[in-house]
Every structure is written in structure tokens, then in C-alpha cells.
Amino acid sequence: MKVVVVESPGKVKSINKYLGDDYKVLASYGHVRDLPSKDGSVQPDDDFAMTWEIEAKGAKRINDIADAMKGADTLILATDPDREGEAISWHVLEALNRKKAIKGAKVERVVFNAITKSAVTEAMKHPRDIDMELVDAYLARRALDYLVGFTLSPVLWRKLPGSRSAGRVQSVSLRLVVDREIEIERFKTQEYWSVEADVTAGSDPFLARLVKHDGKRLTKFDLNNEVSATAARAAVERATFKVAAVEKKPGQRSPAPPFTTSTLQQEASRKLGFSAQRTMQAAQKLYEGIDIGGETVGLITYMRTDGVQVAPEALDDARQVIAGRYGANYVPEKPRIYKTKAKNAQEAHEAIRPTSLARNPGSLRLEPDLGRLYELIWKRMIASQMEAARIERTTVDLDSADGKTGLRATGQVVLFDGYLAVYEEGRDDADDEDGGRLPVINEGAEARVLAARADQHFTEPPPRYSEASLVKKMEELGIGRPSTYASILTVLRDREYVRMDKNRFIPEDKGRLVTAFLEEFFHRYVEYDFTADLEEKLDLVSAGELNWKALLREFWTAFHAAVGEIGELRVSNVLDALNVSLGPHIFPDKGDGTDPRACPTCGIGQLSLKTGRYGAFIGCSRYPECRHTRPIAQPDGDDSASDSGDRELGVDPDTGHAIWLKNGRFGPYVEEAAGEKPKRASLPKGWPPATVDLEKALRLLKLPREVGDHPEDGGKILAGIGRYGPYVQHNGTYANLESADEVFDVGLNRAVAVLAEKRAGGSRPGRGAAAAALKELGAHPGDGQPVRVLSGRYGPYIKHGATNANVPRGSDPQDLTLDQAVLLLAEREAKGGGKKPARGRTAAKAKPAAAAKKPAAKKKAAPKKKAAAK
């Protein structure tokens with residue numbers, strides 16, 4: 001018997017079917033161990049020793065795998081083919097070795113790029129050892145993120161109350177968003193004018209623009225007011241023109257390569273409106289497989305990759321499909337070979353492509369998100385192997401008789417569409433510079449102006465980042481890696497450092513404060529070049545060219561010293577620095593020459609940043625004599641930020657009922673105005689009322705959402721938002737989701753995994769949540785009560801009756817014996833460690849008990865006292 005370990009339960013059934021009865025396939029459900037969320041899990045003073053803890057859900061998985069290994073001769077670690085997958089295999093092996101579950105079994109590592117029978121069976125023929133260089137890179141990255149988070153965040157909390165936390169990569173990504181906003185605010189609009197004319201040259205009319213005036217070539221801002229533009233238009237109207245030149249230039253446009261993780265997220269954002277998280281969730285399902293004719297088949301290759309290369313058999317497959325569907329003239333002479341410039345471990349993987357191009361999108365019945373994403377991937381792969389589009393660009397120059405005025409017309413003709421017959425890459429900003437098709441125009445022909453126009457324009461600031469453009473920028477700068485983009489953007493939203501408006505990122509004030517703080521006091525660590533250089537060093541670790549602990553030592557020495565220096569600063573020093581750096585934003589110029597920092601209430605004090613329990617605000621320097629305060633985002637005299645009026649969002653196209661955003665006793669909510677009992681839904685946490693539009697309101701009102709049928713137990717899985725937050729629910733079991741946004745995106749595989757985790761005892765800690773059992777040790781020899789190892793908020797602990805004892809730091813709770821536990825419990829009880837009743841409960845219970853024993857005596861005593869007093 002051979003035991004195969006994969007990451008996702010969605011793969012188990014199909015892979016087991018491919019391999020047969022000699023194999024038993026089990027899922028680890030992702031990571032089984034993690035660094036405990038407390039100080040000391042990474043110890044720089046002990047050469048960066050790392051303490052790993054088996055999570056509650058992981059303990060059951062490891063026990064299941066250990067049980068399966070009894071009698072097995074081989075353990076095959078078949079987790080995902082990336083750095084994270086390599087790390088999961090290493091964690092599983094380490095945990096099993098601690099349990100002594102391997103014994104004499106052979107251990108093999110296999111990877112497959114697609115969940116198809118041929119890919120899986122072929123992978124089994126080529127096993128290898130765990131790639132420890134990839135594991136080292138994972139360890140280095142995990143240690144860096146931990147050290148930055150657990151060292152920098154407490155400094156942030158002390159010096160800037162109300163801030164959430166600071167992450168190594170997230171902080172740099174946040175800086176991108178903030179820097180763009182500052183760029184927009186500083187942008188100075190410039191006026192400019194253009195002159196265009198409808199012209200005929202013995203042909204159909206065509207559009208030409210003024211490029212020469214008064215004998216000189218025009219630049220963009222030469223016509224910068226209405227007077228100059230009107231004069232230029234008049235010159236065009238009175239001039240007589242001749243076609244001076246007609247130039248035709250043949251050219252071609254080549255297709256883009258197949259998708260990488262980054263380009264898939266960008267295109268799905270542009271063309272489908274998907275968030276990066278939504279894209280990756282749909283791609284995960286396509287990779288893990290869809291039921292086709294009673295068999296689960298993976299539809300795409302692995303979706304976390306930097307590579308653009310494609311297997312030879314896939315190239316042949318594409319060429320055959322192209323010839324069959326579009327014709328032989330659409331097939332290039334040789335297959336197109338793409339290469340990536342990225343130098344990291346994930347380059348070894350193929351691009352994202354369909355596992356079989358014969359499965360065209362129209363032949364599959366997929367749920368909407370999956371169908372749209374699969375079509376995008378299929379078309380991109382097909383187009384990447386098609387002939388280039390052949391185009392002809394035409395430029396027509398017209399000169400006036402005196403040579404002082406010149407017009408130019410441009411056009412483009414597609415002579416052969418090539419790959420454009422299937423797919424054209426999306427762009428963030430439309431570019432119509434090439435113009436449309438021109439009529440036949442002969443050089444030397446007389447031209448006549450039919451009409452001329454002068455149009456006013458204003459320069460525009462750079463656009464705010466969309467998910468697509470932010471991912472693209474991060475990739476260009478070398479910030480993060482494909483597997484991290486979606487989580488980075490999600491974290492920025494969840495921490496409320498940014499908000500989304502029309503699918504664009506806008507920094508919240510708390511995000512600007514954090515960025516200003518980090519730039520002021522930890523500038524080096526939010527520099528784009530520094531973060532990119534660190535990513536390159538991590539790639540060197542992956543390649544075996546740099547020792548991971550040497551990398552950590554170099555980083556920690558400088559970082560620890562920087563944190564120590566900031567620790568000595570007073571909060572007032574920090575606020576003074578932020579008052580200066582954020583001055584233009586929080587104290588904008590009023591435009592009347594008055595001091596923007598003068599207190600509007602007392603007229604004497606100066607406004608400045610203050611910090612309180614709930615974060616930063618603006619207050620008067622004369623406090624407590626003057627108690628003037630305001631939010632950071634609300635300038636004095638502007639009460640729009642506190643406007644709580646109702647707002648109509650639009651009409652539900654399905655029902656015709658009006659949808660309203662209202663503010664009630666318990667906060668903002670949306671309502672469908674329909675009869676006596678209108679449907680209502682409260683806004684989830686993190687959804688500012690100003691950002692709610694009709695689309696968001698309708699999605700809220702239609703909750704709970706049906707995710708699908710449970711593949712094992714039957715019955716519907718629902719996703720919704722309840723009293724305790726976002727959830728998925730099936731047959732009475734509720735499992736929390738990470739964010740409200742996930743309610744609308746969560747798919748079947750993710751929902752099944754979350755519910756399975758909850759049923760296995762892996763619920764997130766919270767009020768009233770029972771601690772998850774990691775191990776049952778047996779009956780206590782003293783009283784026969786059970787002794788168990790539980791997973792608590794602050795780590796694993798031993799429980800016996802009312803006594804709790806900590807598991808010693810560094811110890812694996814799975815290795816703990818009953819004798820060791822009894823000894824630890826005895827030591828705890830000797831120190832008075834029994835669980836004490838809550839204050840007030842003992843007295844409350846004792847008084848009624850005493851009263852019950854002597855009710856008559858108590859009644860008689862009172863009159864005697866009263867008589868004595870008299």
C-alpha cells in the first residue's frame with residue numbers, strides 16, 4: 001500500500017481513481033503546522049530557531065495520515081508544485097517523523113502540473129526528494145514576515161494608537177496606493193486646445209488635426225487658451241490645402257504569451273471585473289477538476305506560476321485546433337516559443353493553459369465564474385499560437401498653399417486579423433491614437449475643409465490603481481510573488497487601510513498615517529528597491545546560491561537597531577513629524593491666506609494630530625481649555641462627512657423596486673422599498689456607506705447565496721452574513737469566512753473545506769468557542785477524569801478538570817505522554833493553578849445557601865437590633 005498526500009480534499013477522489021486500489025490518497029487541507037501567533041516563535045538570538053505548532057485542524061489530518069501509514073511501504077508527498085507546496089510536504093514529513101509514523105517506509109516527492117490521468121500517472125514515475133532549497137526559501141520568507149510583523153506592529157500600536165499592524169510586503173503595496181493619491185492631489189491641471197477639421201480630397205470626408213500653425217510645429221500646450229485656438233481654427237478655415245504626402249506603412253501585431261498568475265489576475269480584472277481573490281478561487285476549482293461524464297477532470301494547469309513556456313504536446317494540440325477551427329493560414333510556420341525574464345523557482349512551471357484545448361468553452365457546462373475564466377484562459381492560449389495580425393498604418397499630410405498651416409490624418413487598416421480573430425489583450429486606458437480607416441486619398445490632390453472645430457481640454461492626473469494595474473506595478477517592481485498578490489490586496493482592504501471606489505484603490509486616513517509613519521521612521525523598509533532586492537535574495541536561496549540564515553542575519557541586524565532607535569521616541573515626537581509630512585492633506589490651504597492650522601473654535605490654539613483610544617484625530621493645542629476636535633478626513637466647516645441622510649441607489653432591474661441606503665438605530669443598512677415588509681440588510685463591517693452602490697446593495701439583499709450542493713453529504717451550502725459575521729452553512733453547521741467580500745465569491749471547494757475544518761474542531765477562537773482537542777491522553781490515575789491537550793488562544797495546554805497547565809515551549813503536543821501531563825498538572829496545582837470562579841459568583845451563591853439554613857433566625861435578629869436602637 002502506498003499513501004499519497006495532496007493539499008486539497010477536492011483532488012482526493014479523482015487522483016485515487018487514477019492511481020487505483022494500491023494507493024490511498026489523503027488531504028492535508030493546506031498547512032498542518034504554523035508559527036504560534038505570539039512573541040518568541042522565531043528567536044534571532046538562537047540562530048533564528050523557529051517553533052512550529054500543529055494546528056487543531058492539522059492534528060486530525062496528521063493522525064489520519066499516521067494511521068494510514070500503518071502497513072504502508074511508501075509515503076508519496078504530492079502537494080502543489082510551488083514553494084508553498086514544497087513547504088507543506090516538509091511540514092507533513094516533519095510531523096510524521098515526530099510521531100514515529102514513517103518507520104521503514106520509503107518517502108517520495110512528486111509534482112504534477114495538472115489533475116489529469118496522464119499527468120498524475122507520469123508524475124508517479126519520476127519521484128524525487130523534498131527540495132530543501134525551496135523549503136529554506138519558505139523558512140526565510142516566513143521568518144522575515146514574522147519578525148517584521150511582531151517587531152514593527154507593537155511599535156506602531158504604541159506610537160500610533162488605532163493602527164492595526166504593519167506587514168513586510170503589504171506596507172510597501174500600501175505605499176504605492178498612497179503615493180499615487182498624493183501624486184493626484186499635487187497634480188496641477190493645465191488647459192490646452194486642439195483644432196480638428198472635416199476634410200475631403202476628392203474622396204469621402206475624413207478627420208484631420210492641426211499639426212502646424214504659423215509655420216511651426218505645434219506642441220501640446222502651444223494652444224493654451226480660447227483666443228489662440230480660435231485664431232488657429234480661423235487659419236484652417238481660410239486656407240486652401242493640397243495633399244502633400246500619403247505614407248502607408250505595413251506592420252504587424254503579435255499575440256501575448258499564455259497567462260501567468262499575474263497576467264491572469266490583470267486580464268480577469270479588466271475584462272471580467274474579478275478581484276484577484278475571486279480569480280484565484282475560480283482558477284483553483286478549474287485546476288482541481290470538474291465532473292465531466294462522471295469523472296473529475298482538471299481543466300487547467302497549475303495556476304500559480306511565473307512561466308510562459310508550454311509543453312510541446314500542448315503546442316501541437318493548439319496548432320491542430322487552430323487549423324481545424326480557423327484555417328491553415330492562421331497557423332504560423334513554427335510554434336511560438338515564449339520566455340520569461342523572471343528568475344525564480346516558479347519559472348520551471350508551465351504557463352496557465354487548458355489541459356486539453358479540444359475542450360472548448362462552449363462544450364462545457366460550468367458555473368458562471370468558472371465558465372468565464374476558462375473561456376479567457378482558452379482564448380489566450382489559442383491566440384498565443386496563432387499568426388500575427390497584419391495591419392497597414394496610413395498617414396496623410398495636408399499643407400496650405402503658403403506652407404504656414406498643416407493638417408494630418410491617421411488611420412489603420414487590418415489586412416489580416418490573425419490572432420485578433422480570437423483574442424485581444426485588454427488595456428487599462430483606451431488608446432485611439434491610430435484612428436479609424438481612411439478613404440482612398442491621392443498624393444497631390446486638392447483638399448477642402450468642410451468644417452473646423454476648436455476643442456478645449458484639460459490635463460488629467462494619473463488614474464488611481466485598479467487591481468489589475470496595482471498587480472502589474474507590483475510585478476514590475478518585483479514586490480511580492482504570484483501566490484501572494486491576492487492575499488496582499490485582501491489584507492489592505494480587511495485592515496481598512498484602503499477602500500474601493502469604482503474598482504479603484506483609495507487610501508483611508510489610517511492607511512496614510514501608517515505609510516507616513518513608516519516612511520518617516522522606517523524609510524528603508526518601505527523602499528521599493530529594498531523590498532525587490534529582498535525578493536531577489538529569497539530567489540537566490542531557492543536556487544541554492546545563498547544561505548537562508550545568512551540572509552536573516554543581515555536583515556535582522558539593521559532592522560533590530562532601527563526599531564530600537566524608534567522605541568526611544570515619545571509619541572509627541574512622532575505626531576510632530578506626521579503633522580509636517582501629512583500637513584497638505586490634513587491641513588489643506590483654505591485659499592484665503594489664513595492659517596490652515598488655526599483652531600476655528602478658540603482662534604488661538606493650533607490644530608494638530610492627536611491620538612486616542614480609537615485612533616488619530618485632529619484637536620486643538622489648548623486642550624482642555626478648548627475641546628475642538630474633528631476627524632482627519634473632515635476639514636473644518638465641512639459637515640459632509642457626518643451626513644446621515646437617506647440616499648436612493650437605483651432600481652432593482654428584476655423587481656422594479658427602489659433600493660435605498662439608510663441610516664438606522666443600529667447603523668447603516670440597505671432596503672428594498674416593497675410593501676409593508678421591505679427587505680433589509682445591514683452593511684457589513686468595513687463597508688463605508690459612501691462606497692455602497694446599487695450593485696453592492698443588490699448583492700447584500702440577495703443573501704444568503706446558494707453556493708452549491710455538498711459533494712459528499714448532499715444538501716445545499718449557503719453563504720451569508722449573520723450576527724457573528726460572514727459564514728457558510730450546511731445542515732446546521734456554520735463556519736466563519738474571513739471577510740464579507742468572500743461571501744459573494746466563495747466557491748464550492750472552499751466552502752466544503754471550511755465546513756470540514758469546522759466539523760473537525762478547527763473553528764476560529766472567539767467568544768463561546770470551545771477549545772479544539774489536539775490529543776486525548778487518557779484517564780488521570782488519581783480520579784479517572786480525562787486528561788487532554790487542547791488548542792487555546794495562547795497556544796496548546798493540558799486540561800484536567802478545572803486545572804490547566806501550559807505545554808512547555810518548544811514541545812510538540814503530539815509527543816506528550818500521560819505521565820508527563822500528570823507531572824505538569826501537579827506542578828500547576830501546587831502553585832494554586834486550579835480554575836477559580838469568577839469574582840462575585842461565590843458570594844452570590846453563598847448568601848442564598850446561608851439564608852436557606854437559618855431563615856427564622858435572620859428574621860428575628862432584625863427586630864431586636866431595631867428595638868435596641870430605639
*asked:* If I ask for residues that are open to solvent by 30 Å² or more (accessible area, probe 1.4 Å), assigned to a strand (DSSP E or B) and not charged (D, E, K, R), which ones from the range 401-415 would you list?
replied: Thr410, Gln412, Val414, Leu415
*Tally the residues that are in contact (Cβ under 8 Å) with a residue 40 or more places away in the chain and either under 24 Å from Asp783 (Cα atoms) or surrounded by 15 or more Cβ atoms within 10 Å (Cβ to Cβ) (or both), restricting the search to the range 801-818.*
7
*Taking the stated definitions as given, is Ala119 closer than 26 Å to Asn16 by Cβ and of a type in the set (A, V, I, L, M)?*
yes
*Return a yes/no flag: does the range 245-254 have any residue that is out of contact with any helix residue (DSSP H, G or I) (no Cβ under 6 Å at 6 or more places or on another chain), in contact (Cβ under 8 Å) with a residue 24 or more places away in the chain, outside any helix (DSSP H, G or I) and closer than 24 Å to Gly10 by Cβ.*
no
*Do any strands (runs of 3 or more DSSP E) entirely within the range 1-94 hold 1 or more residues that are of a type in the set (Ser, Thr, Tyr) and touching a strand residue (DSSP E or B) at 6+ places or on another chain (Cβ under 7 Å), and if so, which?*
23-27, 74-77
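Of all residues being basic (Lys, Arg) and either surrounded by fewer than 17 Cβ atoms within 10 Å (Cβ to Cβ) or at pLDDT below 90 (or both) in the range 100-140, which is nearest to Asn63 (Cα to Cα)? Just the residue, please.
Looking only at the range 100-140, we keep the residues that are basic (Lys, Arg), and these are 100, 103, 106, 109, 117, 125, 128.
With either surrounded by fewer than 17 Cβ atoms within 10 Å (Cβ to Cβ) or at pLDDT below 90 (or both) added as a condition, the list becomes 100, 103, 106, 117, 125, 128.
Numbers: Lys100: 11, Lys103: 15, Lys106: 19, Lys117: 28, Lys125: 28, Arg128: 25 Å.
The selected residue is Lys100.
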*Does Tyr374 satisfy being more than 25 Å from the chain's Cα centre (by Cα) and of a type in the set (Phe, Trp, Tyr)?*
no
*Wholly within the range 605-686, strands (runs of 3 or more DSSP E) carrying at least 3 residues that are modelled with pLDDT under 85, within 28 Å of Ile506 (Cα to Cα) and of a type in the set (A, V, I, L, M)*: none
*Inspect all residues belonging to the range 133-144 and state whether any of them is outside any helix (DSSP H, G or I), touching an Asp or Glu at 6+ places or on another chain (Cβ under 9 Å) and among the small types (Gly, Ala, Ser).*
no
*Does the range 829-851 contain any residue that is open to solvent by less than 50 Å² (accessible area, probe 1.4 Å), within 24 Å of Arg61 (Cβ to Cβ) and at pLDDT 50 or above?*
no
*Can you tell me which residue in the range 588-606 is surrounded by the fewest Cβ atoms within 10 Å (Cβ to Cβ), limited to those that are within 30 Å of Leu156 (Cβ to Cβ) and touching a residue at least 24 places away in the same chain (Cβ under 8 Å)?*
Pro588
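Residue-by-condition table, conditions (1) open to solvent by 30 Å² or more (accessible area, probe 1.4 Å); (2) β-branched (Val, Ile, Thr); (3) in a helix (DSSP H, G or I):
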| site | (1), (2), (3) |
| --- | --- |
| Ile479 | no, yes, no |
| Tyr485 | no, no, yes |
| Val491 | yes, yes, yes |
| Phe505 | no, no, no |
| Val514 | no, yes, yes |
| Glu520 | yes, no, yes |
| Glu535 | no, no, yes |
*asked:* Which numbered condition in (1) over 30 Å from Ala87 (Cβ atoms); (2) surrounded by 17 or more Cβ atoms within 10 Å (Cβ to Cβ) is the only one that Arg158 fails?
replied: (2)
_Subset of the range 74-90 (residues that are more than 16 Å from Val4 (Cβ to Cβ) and either at pLDDT 95 or above or more than 25 Å from the chain's Cα centre (by Cα) (or both))_ = Trp90
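Would you check which residues across the range 451-504 are of a type outside the set (Gly, Ala, Ser), touching a residue at least 40 places away in the same chain (Cβ under 8 Å) and closer than 30 Å to Trp193 by Cβ and list them?
First pass over the range 451-504, keeping only residues of a type outside the set (Gly, Ala, Ser): 453, 455-465, 467, 470-477, 479, 481-482, 484-485, 488-504.
Restricting the remaining residues to those that are touching a residue at least 40 places away in the same chain (Cβ under 8 Å) gives 453, 455-465, 467, 470-475, 477, 479, 481-482, 484-485, 488-501, 503-504.
Within the range 451-504, Arg453, Asp455, Gln456, His457, Phe458, Thr459, Glu460, Pro461, Pro462, Pro463, Arg464, Arg504 meet the criteria.
Does Glu496 meet the test of being touching a Gly at 6+ places or on another chain (Cβ under 7 Å), farther than 15 Å from Leu176 by Cα and either in a loop (DSSP other than H, G, I, E, B) or open to solvent by 30 Å² or more (accessible area, probe 1.4 Å) (or both)?
Values: touching a Gly at 6+ places or on another chain (Cβ under 7 Å): yes; farther than 15 Å from Leu176 by Cα: yes; either in a loop (DSSP other than H, G, I, E, B) or open to solvent by 30 Å² or more (accessible area, probe 1.4 Å) (or both): yes.
Spelling it out, Glu496 is indeed touching a Gly at 6+ places or on another chain (Cβ under 7 Å), farther than 15 Å from Leu176 by Cα and either in a loop (DSSP other than H, G, I, E, B) or open to solvent by 30 Å² or more (accessible area, probe 1.4 Å) (or both).
Assess whether Gly720 counts as being within 30 Å of Ile290 (Cα to Cα), in contact with a Leu (Cβ under 6 Å, 6 or more places away or on another chain) and small (Gly, Ala, Ser). Lay out the reasoning, then the answer.
Working: within 30 Å of Ile290 (Cα to Cα): yes; in contact with a Leu (Cβ under 6 Å, 6 or more places away or on another chain): yes; small (Gly, Ala, Ser): yes.
When the stated conditions are applied, Gly720 passes them.
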*Every residue from the range 687-720 that is among the β-branched types (Val, Ile, Thr) and either part of a loop (DSSP other than H, G, I, E, B) or modelled with pLDDT of 90 or more (or both)*: Val692, Val707, Ile717
*Just wondering, is there one or more residues in the range 35-50 that are open to solvent by less than 30 Å² (accessible area, probe 1.4 Å), under 24 Å from the mean Cα position of the chain (by Cα) and closer than 29 Å to Thr151 by Cβ?*
yes
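It is to be established whether one or more residues within the range 323-337 are of a type in the set (Ser, Thr, Tyr), buried (at least 16 other Cβ atoms within 10 Å of the Cβ) and part of a loop (DSSP other than H, G, I, E, B). Before you say what the answer is, go through the steps one by one.
Within the range 323-337, the subset of a type in the set (Ser, Thr, Tyr) is 326, 330.
Going one step further and asking which of them are buried (at least 16 other Cβ atoms within 10 Å of the Cβ), we end up with 326, 330.
Still in the list and also part of a loop (DSSP other than H, G, I, E, B): none.
Within the range 323-337, none of the residues are of a type in the set (Ser, Thr, Tyr), buried (at least 16 other Cβ atoms within 10 Å of the Cβ) and part of a loop (DSSP other than H, G, I, E, B).
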*Evaluate the following for Arg278: is it buried (at least 20 other Cβ atoms within 10 Å of the Cβ), touching a Ser or Thr at 6+ places or on another chain (Cβ under 7 Å) and among the basic types (Lys, Arg)?*
no
*Among the residues of the range 255-264, is any closer than 26 Å to Pro439 by Cα and either touching a Lys or Arg at 6+ places or on another chain (Cβ under 8 Å) or open to solvent by 30 Å² or more (accessible area, probe 1.4 Å) (or both)?*
no
_Please go through the range 495-529 and give me each residue that is modelled with pLDDT of 85 or more, among the aliphatic types (A, V, I, L, M) and closer than 23 Å to Leu147 by Cα, ordered by number._
Leu513, Val514, Ala516, Leu518
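The values are calculated or read from the model by the stated rules, or taken from the named source; none is laboratory data. Bear in mind the structure is a predicted one, so any value in this text is a computation, not a measurement. Note that each Cβ is placed from the backbone with ideal geometry, even for glycine, and that neighbours are counted across all protein chains shown. Just so you know, the surface numbers come from the protein's heavy atoms only, side chains and all, with ligands and any DNA or RNA stripped out. Shrake-Rupley method; radii C 1.70, N 1.55, O 1.52, S 1.80 Å.
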